[in-house]
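The values are calculated or read from the model by the stated rules, or taken from the named source; none is laboratory data. Predicted model, so just to flag it, every value in this text is computed and none were measured. Neighbour counts are summed over all protein chains in view; Cβ atoms, including those assigned to glycine, are modelled from backbone coordinates with ideal geometry. For the accessible areas, the whole protein counts, side chains as well, though only heavy atoms, and no ligand, DNA or RNA atoms are used. Shrake-Rupley method; radii C 1.70, N 1.55, O 1.52, S 1.80 Å.
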Amino acid sequence: MIVLKSDYFSSHERLTLFLNENHIKREDILVITQDQGMFTIFFYADDAIKEITHGLFS
């Protein structure tokens, strides 16, 4: 099932690495926000697949 997911990143480089390593398609990205130097991404993905996480808490 496709669900909405999110993750937090401390830099745009880590966000880019996350997108590339997990092969997240542009059409699956709902929004990317930046607040106080942190990046947040909301995207659609299969809930059965565990992403390779390079976010804030990895």
Ignoring ligands, DNA and RNA, please state the percent of accessible area on the chain from carbon and sulfur, probe 1.4 Å. 56
Modelled label-to-label distance, E51 and D28, 7 Å Cα→beta-carbon offset: nm? 0.9
Would you indicate which of [x] 28, 8, 7; [y] 18, 12, 10; [z] 36, 14, 8 is the value of semi-axes √(5λ) of the Cα gyration tensor in Å derived from the coordinates of this structure? [y]
